[in-house]
Amino acid sequence: MAKRTKRRHDTDDAPIDGDYTVDVILNKDPAKHYMLANDEDAERFRGFGAVFTERREDGPRPAFDLGADEGSRIRVRGLWLMEMPTEVRNRITSGEQRRASERSKALDRQSRHSGGVVNRDSRT
């Protein structure tokens, strides 16, 4: 008699750019890319050229922003609202995609050379 296995239940895919029902930015400048960042990531994004978004009337803000003094940095749900020019973001992203593609090709070459075995200690 065949062994019966439990039926697998997969959850719906999670959005990769945050919770789209909460992490919505209003009044965006089309020339800028906005992101919500925790303290650690905020420092990393600053290294890429992002700046903290300052609160201003009719400026960008998260949909769940309760407001604060104008001129202060925007923080909602423990995340900072940050921005950078879209052109800069696209340049960073294209560089990341190029490096990922190069790594993938190197792993593919390594796999073909080693008969399908690839590990961290292998060299191309």
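The values are calculated or read from the model by the stated rules, or taken from the named source; none is laboratory data. Nothing here was measured: the structure is a model prediction, and the numbers come from that model. Here Cβ is always computed from backbone atoms with ideal geometry, including for glycine, and neighbour counts include all displayed protein chains.
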Of the listed residues (Arg73, Arg103, Arg56, Arg98), the one being at pLDDT 80 or above and out of contact with any Asp or Glu (no Cβ under 8 Å at 6 or more places or on another chain) is Arg103
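Please work out if Arg56 is without any contact (Cβ under 8 Å) to a residue 12 or more places away in the chain and among the basic types (Lys, Arg). Show your work before the answer.
Values: without any contact (Cβ under 8 Å) to a residue 12 or more places away in the chain: no; among the basic types (Lys, Arg): yes.
Against the criterion (without any contact (Cβ under 8 Å) to a residue 12 or more places away in the chain and among the basic types (Lys, Arg)), Arg56 does not qualify.
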Expected output for the stretch 36-50 (first residue modelled with pLDDT of 90 or more and among the charged types (D, E, K, R), partner exposed (fewer than 11 other Cβ atoms within 10 Å of the Cβ) and not in a loop (DSSP other than H, G, I, E, B), Cβ below 8 Å, 6+ apart or cross-chain) is none
Within the stretch 22-48, restricting to residues that are exposed (fewer than 13 other Cβ atoms within 10 Å of the Cβ) and among the small types (Gly, Ala, Ser), the one that is farthest from the chain's Cα centre (by Cα) is Ala31
When (1) loosely packed, with under 14 Cβ neighbours inside 10 Å; (2) among the polar types (S, T, N, Q); (3) under 24 Å from Ile92 (Cα atoms) are applied to Thr53, the one that fails is (1)
Of (1) loosely packed, with under 14 Cβ neighbours inside 10 Å; (2) assigned to a loop (DSSP other than H, G, I, E, B); (3) not polar (S, T, N, Q), Arg99 fails just (2)
Output for Cβ contacts, cut-off 6 Å, separation at least six or different chains, first residue over 15 Å from Phe45 (Cα atoms) in the stretch 70-90, second at pLDDT below 85 and of a type in the set (Phe, Trp, Tyr), reads Val76/Phe64
